[in-house]
Amino acid sequence: RNFKLLYFCHCTLYRNAFNALKSAKFWVSSRMFRPFLKTRLVPFHHKVFAQTASCRVQIGHLSTIAGNDNGSIATSRDRHLTSGGLKKNRIWGAKTDLPLQKKIEQFLETPPGDLNRLDLFLKADDLMDESCKLGSTKGMQQAENILNRMLLEKRSVTGYMIPAKSFEKIIFGWGKLADSNSKEKMKEILKLMKKEYVFDLKENISQLSEDDTDSSRASCQPTTETYNTILRGLVRVAKRDGTAAFEAESVLDEMMIRHRENKWHTKPNTRSFTHVIQAHGNTRLRGAADRAERVMKWMRDMHRSEKEMYKSKFGKEYDLENPEANVHQIVTPDPRVFSATVVAMVNSNAKGSTRRALILLEKLMEEGEKLDIYAFNAVIMGFGNIADKASNPIVRYKAAEEAEKIAVMLLRQHSDLCVVEKELSSEDLEVYWGKQLTVSFNTALNAWAKSDVKEAGQRADQLWKLMLEDPILQPDRITMNTTMKAWARAFNPLKVEEILDFISDLDIDELARPDAMSYCIAMSAWAKSNSPKKTLNARRLLETMLTQYEAGNYLLKPNNVAFTTVLNAASSNTLDNMEDDSFGISSAEKEEIYNIAMQTYNEIMDDTYHLGLCPDTFVFATMLKAITAHIDATSAERRQMVQKVFDDACSAGQVSSFVIKELRLATPDNDLLMRLLGSEKLASHLRSITMLPPEWSRRVPNQPRFRYVDKESRYTRTR
């Protein structure tokens, strides 16, 4: 039953024969070489000799033990090997710069049995990687075609196992794509994987040597990693399909069944439970909090049970502090699991879900469980959402106050309450806590900014000053902008500018210096105020931005929002109740308001400062509103300006529902409206901009609020 096979490995090396020998030894010992003979190679001895022109390595007398009783290579795969299957030409040869599509076509069109082994087991993997990275349905279909071609080659000639990682790549790609087909596609690949596993067992196809003990790699048998890849994909799919979370629980059940009944290596680990909880959190359904908490309890019960079994089996406690020192590892809840559960509760639309998440945190702390700062930040964000959406101002105030309490508690007790998974030096740990606690305080600041209570500005100011004084915290641009937003929503533009000037005068890091958004917040504060000089002040801030940008401060490059905010200030800066004595504004300044609006509009349309501005639908809607506010309805100028702005909107393809609503208010009579829209029916019964010529709205976002005219009231652009 024994026979000898002489095999030569020709290596053209320019150094010495020693390198050639090392390459030959690697080729013989590599796992890739063994399946070509369908047996394990046992080298008897090596003969090495060198020639003058090149180095030739002879590897002689390699003994194998045949896989059948008659002592011959009986299969078509082995006959293919001995007839020169390893010497087939590569598909691309030296042409490695071919387009991806061309490479895939050549790979798929190669007849079964004609593929070079390196193309089959190396290049095919690369093609699959590149196809999956396209991030499209077409790319994933190409990857599936490559896998099917590999399976065809396996059945036709080689008998080489297609590893589990090839299937897992496609599962991961579909999960990352997260479209409407992803869930079913991942299930199909898993089903195919099981089918190939059965085929490999039947044909006795294995990649293992006698020295290998990891039977999980003996075929393309699905493993815990395979199922975790599916669960990771379902986490993404759950954002658009709530049923994906239930599918994730089913996958978890299947892992348990396969491990218990089939003895597969599919026992769920900590990541498996974490993914299921995250999937429930991403659904944002009412029952997500209950289901996430149930999965967490399931995991904790399983941990306690396995911990007792470990002690009874090995006679010692399971070491939670050093898991690697244990005989084997068990499912152990970690900070990520608790954070995922808290986030699922916060994301749930159920009433009182954020308060419930806080109670869970307090309970876990009492039980001595390890928590991370992300769980606390999620609860702070949850109270911020309540402060933003609650209709009762008392509820909004209490929610923002609760968010602030948690942030301050973290600042004082973070080293006792939270753990850091990675080992960091003292300096790196200080930087880590500085960044994380800054996020906590910024989230609490945002809760006050969104609360719209009269105390919001003052409370945000106190938090901001605390951050400036504390050495651990690192106030950044988000800190400053959020504090300014709180004062802006409290209609205090003077305080907003005071903060802006204070930060501008400091010699601080670029990450904390004011940017275009900072100035837009200050301009918006003036636009929303009742000051008669709001337009003048908004324009002053815009000119400051232009001056500093031209001086080299590229953080202050004005954008569409900056110019539109000036237009919005002018459109709401009406002249009806303005008196010189009571408001301190002259008649010349009153006339200047409309001139500022026209100047700003023309600067946007002409891109006067070469900023790359492209007027959007808000520019035209806000300018029409300014015309309505400042030009008499009976004047010829009103008709001319309305027609000009509407024609500009049509040419720019920005006629949206907002433009139509402002157009109706700006036109002094129905005749002008009919002439601009093209018919009496459109003037009186226009419900959607789809009834207008398509080129008028070619650049309008495809969202209902931009498309349906009667769905929204008058729009005001403020930032």
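The values are calculated or read from the model by the stated rules, or taken from the named source; none is laboratory data. It should be emphasised that the depicted structure is a prediction, and the values quoted were computed from it without experimental measurement. All Cβ positions, even for glycine, are placed from backbone atoms using ideal geometry, and neighbour counts span all protein chains on display. Areas reflect the complete protein model, heavy atoms only, side chains present, ligands, DNA and RNA absent. Shrake-Rupley method; radii C 1.70, N 1.55, O 1.52, S 1.80 Å.
Computed values, structure above
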read-out: Residue in region 382-391 that is within 26 Å of Arg284 (Cα to Cα) and not in a helix (DSSP H, G or I) present; value: yes
read-out: Residue within region 338-347 that is modelled with pLDDT under 95, open to solvent by less than 70 Å² (accessible area, probe 1.4 Å) and more than 32 Å from the chain's Cα centre (by Cα) present; value: no
read-out: Members of region 391-411 found to be among the β-branched types (Val, Ile, Thr) and open to solvent by 70 Å² or more (accessible area, probe 1.4 Å), listed by number; value: Ile394
read-out: Hey, Met186 of a type outside the set (Gly, Ala, Ser) and in contact with a Ser or Thr (Cβ under 7 Å, 6 or more places away or on another chain) or not; value: no
read-out: Listing of helices (runs of 4 or more DSSP H) fully contained in region 605-719 that carry 1 or more residues being in contact (Cβ under 8 Å) with a residue 60 or more places away in the chain and polar (S, T, N, Q); value: 617-630
read-out: Count of residues meeting criterion [among the small types (Gly, Ala, Ser) and either touching a Gly at 6+ places or on another chain (Cβ under 7 Å) or within 29 Å of Lys450 (Cα to Cα) (or both)] in region 399-432; value: 4
read-out: Some residue of region 533-543 being free of Cβ contacts under 8 Å to residues at least 12 places away in the same chain and either aliphatic (A, V, I, L, M) or open to solvent by less than 10 Å² (accessible area, probe 1.4 Å) (or both); value: no
read-out: Contacts under 6 angstrom Cβ, first residue in region 490-510 being part of a loop (DSSP other than H, G, I, E, B), partner crowded, with 20+ Cβ neighbours inside 10 Å, 6 or more apart; value: Ala490/Ala456; Ala490/Gly457; Phe491/Ser529; Asn492/Gly457
read-out: Cross-chain or 6+ apart pairs with Cβ under 8 Å, region 250-270 first and in contact (Cβ under 8 Å) with a residue 12 or more places away in the chain and more than 16 Å from Val235 (Cα to Cα), then among the basic types (Lys, Arg) and surrounded by 11 or more Cβ atoms within 10 Å (Cβ to Cβ); value: Met255/Lys267; Met256/Lys267; Trp264/Arg258; Thr266/Arg258
read-out: Scope region 271-315; condition over 15 Å from Ile230 (Cα atoms), touching a residue at least 40 places away in the same chain (Cβ under 8 Å) and either in contact with a Cys (Cβ under 9 Å, 6 or more places away or on another chain) or polar (S, T, N, Q) (or both); matching residues; value: Asn282, Thr283
read-out: Test: Glu497 is open to solvent by 10 Å² or more (accessible area, probe 1.4 Å) and either within 17 Å of Ala449 (Cα to Cα) or in contact with a Lys or Arg (Cβ under 9 Å, 6 or more places away or on another chain) (or both); value: yes
read-out: Any hit, region 412-426, residues being closer than 13 Å to Val379 by Cα and open to solvent by 30 Å² or more (accessible area, probe 1.4 Å); value: no
read-out: Tally of residues being more than 27 Å from the chain's Cα centre (by Cα) and either crowded, with 20+ Cβ neighbours inside 10 Å or without any contact (Cβ under 8 Å) to a residue 12 or more places away in the chain (or both) across region 361-377; value: 5
read-out: Wholly within region 97-213, helices (runs of 4 or more DSSP H) carrying at least 2 residues that are closer than 25 Å to Ser250 by Cβ and out of contact with any strand residue (DSSP E or B) (no Cβ under 9 Å at 6 or more places or on another chain); value: 137-153, 164-177, 182-202
read-out: Residues being hydrophobic (A, V, I, L, M, F, W, C) and not in a helix (DSSP H, G or I) - total across region 262-306; value: 2
read-out: Single residue of region 113-150 satisfying the filter (closer than 23 Å to Lys202 by Cβ and at pLDDT 85 or above) that is most open to solvent (accessible area, probe 1.4 Å); value: Asn148
read-out: Residue check, Asn442 within 28 Å of Asn392 (Cα to Cα), open to solvent by 20 Å² or more (accessible area, probe 1.4 Å) and either without any contact (Cβ under 8 Å) to a residue 40 or more places away in the chain or assigned to a helix (DSSP H, G or I) (or both); value: no
read-out: Residue tally, condition touching an Asp or Glu at 6+ places or on another chain (Cβ under 9 Å), part of a helix (DSSP H, G or I) and at pLDDT below 90, over region 541-589; value: 1
read-out: Flag for Ala279 being surrounded by 18 or more Cβ atoms within 10 Å (Cβ to Cβ), in contact with a Ser or Thr (Cβ under 6 Å, 6 or more places away or on another chain) and within 26 Å of Val439 (Cα to Cα); value: no
read-out: Whichever residue in region 622-636 is surrounded by 13 or more Cβ atoms within 10 Å (Cβ to Cβ) and more than 20 Å from Met674 (Cβ to Cβ) and, among such residues, is nearest to the chain's Cα centre (by Cα); value: Thr622
read-out: Filter result for the condition that a residue is modelled with pLDDT of 85 or more, charged (D, E, K, R) and more than 21 Å from the chain's Cα centre (by Cα), over Glu210, Glu153; value: Glu153
